[in-house]
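All of the numbers you see were taken from the coordinates with simple rules; none came from a lab. As the structure is a computational prediction, the values presented were derived from the model and not from experiment. As a convention, Cβ positions derive from the backbone with ideal geometry for all residues, glycine included, and neighbour counts pool all protein chains shown.
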Amino acid sequence: MTDTEEGRSFLLDADEYTRWLDQARDTLDSAGNDLTAGDYNWSCFKAQQAAEYGVKGLLYGLGEAAFGHSVVSLLERLGAIGFDVEDELESAARQLDRHYIPTRYPNAHAEGSPFRYYERSDAESAIERAQMLLAFVQSAWAELQTASGQEEDEEA
C-alpha cells in the first residue's frame, strides 16, 4: 500500500496502469503519424485520447473509478483523492477536451467537415499538451512506486 500526503492508502495495480499507459503511448504515437500525414483533426483527437488513457491508467492503477472522457474531470478525480494537480495541467486538459467531439463530427460545426477546421499548429499544440499530461502521470506513478518500495518494471 502507498500513502498520499493526505494519508490515503492505495494498493497499486501495476499491470492495469501499464496496460493503459501502453495504449496512451501508442495513441500519442499515432497522433504524431497523423500530424506528419496532415490529418490534423485526427491528430488532435488522438492527443486528447492519449491524455485520457494516461490519466485513466493512473486512476485504475490506484484502484479508483475512471469514468467519462473529460481529461479535466479525470484530473479533478485525482485532486479529490489527494494528488496535486497544477493549474497548467488543468489548462492543458481543458484545451485537449475541446478536441473530443468537433474533430470528428460535421454537425459540431456550422458548416463543412471537421478536417477543414484544423491546422498543423493545432495538432502540434495538442500533442505537446498530451505529452505534458503523460509526463505528469508517469511521474506520479513513479513517486507512488518509490513510496511503496516497489521497483519500476517499466521505463516511466
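With springs only between Cα atoms under 10 Å, which of E76, E86, E64 fluctuates most in a Gaussian network model of the chain?
E86
If you build the Cα gyration tensor of segment 13-147 and take the root of 5 times each eigenvalue, what three semi-axes come out, in whole angstrom, biggest first? Mind showing how you got there, number by number?
Numbers: eigenvalues 148, 43, 30 Å².
Result for segment 13-147: semi-axes of 27, 15, 12 Å.
Separation between the I101 and D22 pseudo-spin-labels, each 7 Å from Cα along Cα→Cβ, expressed in nm?
3.4 nm
Could you list Y100, Y105 so that the one with the fewest beta carbons within 10 Å of its beta carbon is first and the one with the most is last? Mind dumping the intermediate values first?
Working: Y100 18, Y105 11.
Ascending number of Cβ neighbours within 10 Å: Y105, Y100.
Considering the zone a paramagnetic label at E128 would reach in this model (a point 7 Å from Cα along the Cα-to-Cβ line), which residues of segment 63-92 have amide N under 15 Å from it?
In segment 63-92, the label zone of E128 (backbone N under 15 Å from the point 7 Å along Cα→Cβ) covers 88-89, 91-92.
To the nearest 20 debye, what is the magnitude of the charge dipole of the chain about its Cα centre, counting +1 on the Cβ of each Lys and Arg and -1 on the Cβ of each Asp and Glu?
With Lys and Arg at +1 and Asp and Glu at -1, about 800 debye.
Given T146, Y118, A31, which one lies farthest toward the positive end of the charge dipole of the chain, if we put +1 on the Cβ of every Lys and Arg and -1 on the Cβ of every Asp and Glu?
Y118
Would you mind putting 53-62, 115-124 in packing order, based on average other-beta-carbon counts within 10 Å, highest first?
Numbers: 53-62: 25.7, 115-124: 15.6.
Per-residue Cβ counts within 10 Å, averaged per peptide and sorted highest first, yield 53-62, 115-124.
Suppose R0 equals 41 Å. What FRET efficiency, 1/(1 + (r/R0)^6) with r the Cβ-Cβ distance, do S121 and L11 give to the nearest 0.05?
E(calc), rounded to 0.05, equals 0.45.
What is the helix-to-structure angle for 71-80, meaning the angle in degrees between its Cα long axis and the longest Cα principal axis of the chain, kept from 0 to 90 and rounded to the nearest 10?
Between helix and principal axis, roughly 20 degrees.
If you consider only alpha-carbon coordinates, what radius of gyration and Dmax does segment 1-91 have, in Å?
When restricted to Cα atoms, segment 1-91 yields Rg and Dmax of 14.4, 47 Å.
Would you mind getting me the FRET efficiency between E90 and S148? Use the beta-carbon distance for r and R0 = 25 Å, nearest 0.05.
The value I calculate is 0.40.
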